[in-house]
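J.: Take this structure first; my questions come after.
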Amino acid sequence: MDMTATYTLNNGYKIPVVGFGTIIPDGPDTVKAVKDAIKSGYRLIDTAEAYGNEVSVGQGIREAIVENGLQRSDVLVSTKAWFTHRGYEGTVKAFNDSLARLDLDYVDVYLIHWPANAKWHDDWRELNADTWRALEDLYKAGKIKAIGVSNFLDHHLQALIEDTEIKPMLDQIEYHPGFAQTATAEFAQANDIQVEAWSPFGGPDSNVLTEATVNQIATKYGKQPGQVILRWVIQKQIIPLTKSVSPAHMAANLDDFDFSLTDEEMAAIDAAPFSGGMQFDPDTAQS
Ligand SMILES: NC(=O)c1ccc[n+]([C@@H]2O[C@H](COP(=O)([O-])OP(=O)(O)OC[C@H]3O[C@@H](n4cnc5c(N)ncnc54)[C@H](OP(=O)(O)O)[C@@H]3O)[C@@H](O)[C@H]2O)c1
């Protein structure tokens, strides 16, 4: 496997094994980062309405396609419906608004950003199912190539599978050393739902990259701590989504395919203590 490898989703659509995240302020910084990322070799670009930068992400993708001699089908874009749009009509509108901001003909991956949860919504199952039906219809209309969810825990996934027609193809969850949502990841994988890892480095303000176990293993292989973390994610058949505005970091984050972690090293990172990250709980988060 190398950075050009793909996983096949449960609907047959192929998705790169690594992706690029775009929590970057809207404007030239996002356009540049997306273009630099695609030039570096990223072929999966993750954004969301909530990041407020779909216009710049779309511009970066369109310009990078031209400048690198690519086809639209060479670059996958993923965006997400924010929780304020829950329900069928609101989600259809949210999707069409995202598509207009991206200024693309279709979206590759569209996700429900957060589940309605039982703490805040008595009708959480119905809300999630109604929202999902909008994604199903947009998918059937060919406007989206693959549909999925984000921050759904195993029981949110189970309910959605029971209540709706099309099984989600992806679940994007917070996943990094010290906070790997293992039960959800294992449930998703057992149900042929591709897992994506958000904040694999714990985000901008964590100590995940300086965690001791990760750094000991990095020293052994002559790799950077971030490369060890991404290797750990990749060996779990999970897609890491790293964000960077630095071309050097972008390149480093793609250089994860010339070494392998042993079972013992994988287990040691599994057992690493919490060292930062959002640690959101989708069962209690107000959304
Ligand atoms: N679905 C959700 O609810 C959700 C929530 C959060 C995030 N996400 C997605 O996941 C993506 C990634 O998460 P994230 O943006 O929170 O953070 P992240 O990728 O875990 O970490 C980004 C931080 O790490 C630094 N960094 C990146 N590569 C590095 C390297 N090789 N060496 C040292 N530092 C490095 C970045 O700085 P530089 O920019 O200076 O390199 C930045 O400060 C997001 O952009 C977004 O697409 C989704």
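Taken together, the values in this text are just the output of simple stated rules run on the coordinates, not laboratory data. In this text the structure is predicted, and so the values were computed from the model without any measurement. Backbone-built Cβ (ideal geometry, glycine too); neighbour counts: all protein chains shown.
J.: State the extension gain, in nm to one decimal, for the chain segment bounded by ALA271 and ALA285, taking 0.36 nm per residue of separation less the distance between their alpha-carbons.
T.: 2.5 nm
J.: Just to be sure I understand the model, the point goes 7 Å from the Cα along the line to the Cβ. What's the resulting THR84 to ASP255 distance in nm?
T.: For the pair THR84/ASP255, the computed spacing is 4.2 nm.
J.: Here's something else I'd like to know. When the Cα centres of the stretch 15-61 and the stretch 211-240 are compared, how far apart do they sit, in Å?
T.: What the calculation gives is 23 Å, centre to centre.
J.: From the helices alone, meaning DSSP H stretches of at least four residues, give me the mean residue ellipticity at 222 nm for the chain, per-run term -39500 (n - 2.57), in deg cm²/dmol to the nearest 500.
T.: -12500 deg cm²/dmol
J.: With 30 Å as the limit, write out which pairs from LYS39/LYS236; LYS32/LYS119; LYS35/LYS80 have Cα-Cα distances beyond it, or answer none.
T.: Exceeds cut-off: LYS32/LYS119.
J.: Another one. Label ASP103 and GLU136 with points 7 Å out from Cα along Cα→Cβ: what is the distance between them in nm?
T.: Roughly 3.5 nm, to one decimal.
J.: Just flag the GluC sites (Glu not before Pro) in the stretch 73-172 sitting in loop per DSSP whose Cβ has no more than 15 other Cβ atoms within 10 Å.
T.: GLU165
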